[in-house]
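Here the structure comes first, spelled out in C-alpha cells, and everything after it is commentary.
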Amino acid sequence: MEKLILLPVFVQVLLTSVVMVLMGRRRICAAKNKEISVAAFKTMNLTGANEQVIATSRNFDNQFQMPMLYLFSVLFTLQLGLADVAYVALGAAYVLLRVLHTAVHIGSNTVRLRFNVFLLSCAVLWVIWLRLLWQVLVG
C-alpha cells in the first residue's frame with residue numbers, strides 16, 4: 001500500500017510540471033508579442049499580460065499552497081505506517097480534483113466552477129487530515 005499511496009503524488013508532481021511548462025510558454029509568447037516587456041520578469045510585474053498568462057501563473061502558485069498540505073499528509077501517513085486503500089482513494093480524488101481545477105483555471109476560467117471544484121478538493125483534503133488526526137489520537 002505504501003507504493004500505491006505515492007501514485008497520486010506522482011500525478012500531482014506531473015501536474016505542477018505541466019503547468020510550469022505551459023506558464024513559461026505563455027509568458028514567452030506574451031513577451032514576443034510585446035504584451036509584456038522582458039524587464040517585467042525582473043519583478044514579475046505581469047501588468048498588461050493577457051488573462052491566460054496571469055491565470056496560468058496564478059495556477060502555478062496554487063500548486064504550492066493546498067497541495068503541500070496533501071503532500072505532508074502522505075509523508076505522515078507513510079511515516080506512521082497508516083497507508084491503506086482509503087488514503088489511496090482519497091489521495092486520488094484530491095489530485096483528480098486538482099487536475100480539474102487546473103483545467104478550469106487555465107482553460108475556460110469559469111470562476112463559479114473553479115471555486116466549487118476548489119472547495120470540493122479542500123473538503124477531500126480535510127477528510128484526509130481528520131482521518132489522520134483520528135488515527136493518531138485514537139488508533
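Derivation of every value follows stated rules applied to the coordinates shown; laboratory data play no part. Fair warning: this is a prediction, and the values are worked out from it, not measured in the lab. Glycine also receives a Cβ, built like all others from the backbone with ideal geometry; neighbour counts cover every protein chain displayed.
Quick notes on this structure:
- Environment charge of residue 29, counting only residues whose C-beta is closer than 15 Å and scoring Lys/Arg +1, Asp/Glu -1: +3
- Reciprocal of mean inverse Cα separation for the chain (Kirkwood radius, Å): 16.3 Å
- Within the straight-line cut-off of under 25 Å between alpha carbons, the lysines reachable from residue 42 are 32, 34, sequence neighbours fewer than 8 places apart in one chain being disregarded.
- The mean sequence separation of alpha-carbon pairs under 8 Å and at least six residues apart, normalised by the residue count of segment 85-139, gives a relative contact order of 41 percent.
- Stretched out straight at 0.36 nm per residue, the stretch from residue 44 to residue 108 would grow longer than its current Cα-Cα span by 20.7 nm.
- Between residue 126 and residue 84, the simple label model (points 7 Å from Cα in the Cβ direction) yields a spacing of 2.3 nm.
- On Cα atoms only, tilt of 111-137 relative to the major axis of the chain in degrees: 30 degrees
- Relative pair counts by distance (%), Cα atoms of segment 56-103, 10 Å bins: 24, 49, 23, 4
- Each Cα pair under 8 Å and six or more residues apart adds its separation to the average, and for segment 4-137 the resulting relative contact order is 30 percent.
- With a simple spin-label model that places each label point 7 Å from the Cα along the Cα-to-Cβ direction, the separation between residue 119 and residue 6 comes to 3.7 nm.
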